[in-house]
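Below is one structure, written out as structure tokens, with a few remarks after it.
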Amino acid sequence: ACTGIENIDEAITLLEQNNWDLVAAINGVIPQENGILQSEYGVETLHGPAYGPSSQSTAASSTPSSSSAFRHVVPSRQIVERQPRMLDFRVEYRDRNVDVVLEDSSTVGDIKHILENELQIPASKMLLKGWKTGDVDDSTVLKSLHLPKNNSLYVLTPDLPPPSSSHSGALQESLNQNFMLIVTHREVQREYNLNFSGSSTIQEVKRNVYDLTSIPVRHQLWEGWPPSATDDSMTLAVSGLTFPCHRLTVGRRSSPVQTREQSEEQCTDVHMVSDSDGDDFEDATEFGVDDGEMFGVASSALRKSPMMPENAENEGDALLQFTAEFSSRYGDCHPVYFIGSLEAAFQEAFYGKARDRKLLAIYLHHDESVLTNVFCSQMLCAESIVSYLSQNFITWAWDMTKEANRARFLTMCTRHFGSVVAQTIRTQKTDQFPLFLIIMGKRSSNEVLNVIQGNTTVDELMMRLMAAMEIFSAQQQEDIKDEDEREARENVKREQDEAYRISLEADRAKREAQEREMAEQFRLEQIRKEQEEEREAIRLSLEQSLPPEPKEESTESVSKLRIRTPSGEFFERRFLASSKLQVVFDFVASKGYPWEEYKLLGTFPRRDVTQLDPNKSLLEVKLYPQETLFLEAKE
């Protein structure tokens, strides 16, 4: 009412620039003499005509009966005199940023003089860019531009030589920086925050926005690009974008041959048609108008090629042609059709995890129906419908125009949904097409929740989709609960099976260890027995090979030896003094003390007899006439 601004996007942008301070936002766009001032008594409005495109709004706002939120009132107290308004400018030049603060009564030339001192660049060589109202000259007063408090500008110097290598380094640094682009989709009032590196091009930004908004690059209408961004191949680092954050607005470019009045008239006709029955179209040809031409599109353009080839062997190839032809007729903003057989669509929608399941929407197209063009262009391609279908549905399509394709679908329908649903579709008249089938998968069957005919509206279509989604969500929650319980039971069973397996492994390992230990003990016992048997055999052999013990009354010299064992026992024997020392060793070995394991020691003097020559006689080694020896185990 005060500013005459009718564009809601512009109004919201001004409020955001002023941190949603309503008074500051209004003061920033209306002339000073008509501004709203903040006094110590509250908000008061100066006298004078309202700033706006219509004088009628001024008159309306000045009357006491006006419903405007801002109307002229006679202040009961003296209005506080307004102080000069200060404006903040951040001016970017190559790798430098200069902050300038001026009163709004200053001119653009004053900014250039300040920049001349800061940047050491002649003012005559500067081009000061970034004004929201277009190019200005040096004599322009800032107040007349209705600027917000904070502003961003940039300086271009086309007549100066390119920067030195230091600037190249700054440029390289800019290429490595990340820019935050806040892109507003005008038609749906939705905001996207997109991060791009400085090396990304404007073309790449537009292609990414196409992925988000489904507006082809050639149909995108942009606002907010700096004047220097004249080429889509230009990188963001050199395009003049505000770092680190820059706001842009994108919308769909309208057809150049269609005026606004024609567009509104066409929109009205379309909704009128969509709300009526198919029978209302039967007399259209009486006026010499083809159903395609009714909406500003030549019939020949819509019927260039069939939506789907007749008798297509591969359903995936048929749907690829369907999608391509649909896009060429109705634009790129349309549901994402599943490419594959109907069975594959079932698998995708119904047979995953309960949380990932979706409803299946089957779109049945018919080129000979008068409702087809309206349904496709106004309902099926509406952004709200496209978005809702992509989030909650798997969409599969089929063309029923050709009789062979119709018969093929009815066969598939009978196999998957039963004869009742197939008969329902078979009895549909041509003018009742297109049809939209909503299918929900159940444990043992597939249930058709809804059959939506072509004579509907966007709101009704959305309501029926949402109603089907409510039924599906309730069933899905039960399925998720059952699946979670089943998975919990399976997890418990898996844990029990794993514990049992680990227990079996432990028991088997223990048993195998015991068996190995017993086998080792048995082997050692066998070795021990073999060694004992071998030793016993040696002992017996030595005992048998010993010469007979001489008698005491023998006439030959006899040596009497007394031998003490490690256990403290003694055994005695007589030997001929002429016998070799080896005979004594054999005697000791025959008693179980082989000389390889035991030493035979003498007492006086202490000596190791086993170290003596075994071929010498007892007389020669002085073991005559008697001697006491003791056995000691070798280390």
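Could you list, in sequence order, all residues of the range 317-342 that are touching a strand residue (DSSP E or B) at 6+ places or on another chain (Cβ under 7 Å) and of a type outside the set (A, V, I, L, M)? Scanning the range 317-342 gives Phe322, Thr323, Pro335, Tyr337, Phe338. Pick from the range 431-451 the residues that are more than 29 Å from Asn373 (Cα to Cα) and charged (D, E, K, R): which of them is surrounded by the most Cβ atoms within 10 Å (Cβ to Cβ)? Selected residue: Lys442. Going by the structure shown, is Ser545 in the same structural domain as Glu447 (by the TED database) and hydroxyl-bearing (Ser, Thr, Tyr)? Answer is no for this residue.
Within the range 567-595, restricting attention to residues that are in a strand (DSSP E or B) and touching an Asp or Glu at 6+ places or on another chain (Cβ under 7 Å), the residue that is least open to solvent (accessible area, probe 1.4 Å) is Arg573.
Applying the set (1) surrounded by 10 or more Cβ atoms within 10 Å (Cβ to Cβ); (2) under 30 Å from Phe585 (Cβ atoms); (3) not small (Gly, Ala, Ser) to Glu485 leaves exactly one unmet item: (2). Determine, yes or no, whether Glu447 is among the charged types (D, E, K, R) and in a strand (DSSP E or B). When the stated conditions are applied, Glu447 passes them. The residues on offer are Asp269, Asp232, and the sole one that is assigned to a loop (DSSP other than H, G, I, E, B) and either within 30 Å of Thr201 (Cβ to Cβ) or at pLDDT below 85 (or both) is Asp232.
Out of Gln521, Gln514, Gln477, Gln531, which single residue is open to solvent by 80 Å² or more (accessible area, probe 1.4 Å) and in the same structural domain as Leu449 (by the TED database)? That would be Gln477, the only listed residue that is open to solvent by 80 Å² or more (accessible area, probe 1.4 Å) and in the same structural domain as Leu449 (by the TED database).
Residue pairs whose Cβ atoms lie under 6 Å apart, separated by 6 or more positions or on different chains, with the first residue in the range 211-226 and not assigned by the TED database to the domain that holds His334 and the second part of a strand (DSSP E or B) and among the polar types (S, T, N, Q), are Glu223/Thr249; Gly224/Thr249. Taking the conditions exactly as written (basic (Lys, Arg), at pLDDT 90 or above and closer than 24 Å to Glu635 by Cα), does Arg564 satisfy them or not? Judged against the criteria, Arg564 is a match. For the range 367-392, filtered to residues that are open to solvent by less than 10 Å² (accessible area, probe 1.4 Å) and not in a helix (DSSP H, G or I), the residue that is nearest to Ile452 (Cα to Cα) is Leu371.
Out of all the residues in the range 181-193, is one or more in contact with a Gly (Cβ under 7 Å, 6 or more places away or on another chain) and part of a strand (DSSP E or B)? No - not one qualifying residue is present in the range 181-193. Just need a number here: residues in the range 569-597 that are modelled with pLDDT of 90 or more and more than 25 Å from Lys551 (Cβ to Cβ). Count: 0. Against the conditions (1) aromatic (Phe, Trp, Tyr); (2) at pLDDT below 85; (3) within 30 Å of Asn446 (Cβ to Cβ), Phe326 satisfies every one except (2). The requirement of being over 30 Å from Leu360 (Cα atoms) and among the aromatic types (Phe, Trp, Tyr) is not satisfied by Phe472.
Among the residues of the range 187-203, the ones that are touching a strand residue (DSSP E or B) at 6+ places or on another chain (Cβ under 7 Å) and surrounded by fewer than 16 Cβ atoms within 10 Å (Cβ to Cβ) come to 8 in all. Residue check: is Ser299 more than 32 Å from the chain's Cα centre (by Cα) and either at pLDDT 80 or above or among the small types (Gly, Ala, Ser) (or both)? So Ser299 fits the description; yes. Screening Arg562, Arg535, Arg508 for residues that are basic (Lys, Arg) and touching a Pro at 6+ places or on another chain (Cβ under 8 Å) leaves exactly one candidate, Arg535.
The values are calculated or read from the model by the stated rules, or taken from the named source; none is laboratory data. As the structure is a prediction and not an experimental result, all values here were calculated from the model. When we count neighbours, we look across all protein chains shown, and the Cβ atoms used for this are built from the backbone with ideal geometry, even at glycine. Surface areas here come from the heavy atoms of the whole protein model, side chains and all, with no ligands, DNA or RNA. Shrake-Rupley method; radii C 1.70, N 1.55, O 1.52, S 1.80 Å.
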